[in-house]
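A.B. asks: Here it is, the structure, as C-alpha cells.
The values are calculated or read from the model by the stated rules, or taken from the named source; none is laboratory data. As the structure is a computational prediction, the values presented were derived from the model and not from experiment. All Cβ positions, glycine included, derive from the backbone under ideal geometry; neighbour counts span all protein chains shown.
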Amino acid sequence: MAHSTWSPLQRSSSTQQLQSLVSDLESLLESGRDLAADELPAFKARLQELVSESRDNSERLLRQSRRALRAGGEYVGEHPWQTTLVLAVTCGVLAACVMSRHH
C-alpha cells in the first residue's frame, strides 16, 4: 500500500462528497413518496447505488483519518520539543484564562 500524506483539502473534499450524498438520499426519499409500482425498480436501484457510494465514502474517510492520525504521530515523534512547548504554552494560556475569570 502506497504511503500518502493527508491534507486538509482531502477532508474538505470528502466532507463535500458526504454532504452531497446525504442531499441525494434526501431528495430520493422525498421523490419516493408517490412512486408508482413500475417506478419501484429504478428507485431501488438508485437507492442501492447511493448506499454503495456511502460505503465507499466512509471507507475513504476512515483511510484519510488514519493517515491524519499517523501524520500527527510522526510529527510528534520527529518534533518532541516543539510539541512539548506548544502544549506548555497552551496550558499556560488556559490557566491564565481560568484565573482571570475567578478575579
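A.B. asks: Criterion first (within 22 Å of the chain's Cα centre (by Cα), modelled with pLDDT under 90 and assigned to a helix (DSSP H, G or I)) does D56 satisfy it?
C.D. replies: Judged against the criteria, D56 is a match.
A.B. asks: Kindly indicate whether S12 is outside any loop (DSSP other than H, G, I, E, B) and either touching a Gly at 6+ places or on another chain (Cβ under 6 Å) or at pLDDT 80 or above (or both).
C.D. replies: Criteria not met by S12.
A.B. asks: Which of the residues belonging to region 51-69 are among the aliphatic types (A, V, I, L, M) and under 16 Å from V22 (Cα atoms)?
C.D. replies: V51, L61
A.B. asks: Just a yes or no: is a residue in region 34-52 within 17 Å of the chain's Cα centre (by Cα), of a type in the set (D, E, K, R) and modelled with pLDDT under 90?
C.D. replies: No, region 34-52 contains no residue that is within 17 Å of the chain's Cα centre (by Cα), of a type in the set (D, E, K, R) and modelled with pLDDT under 90.
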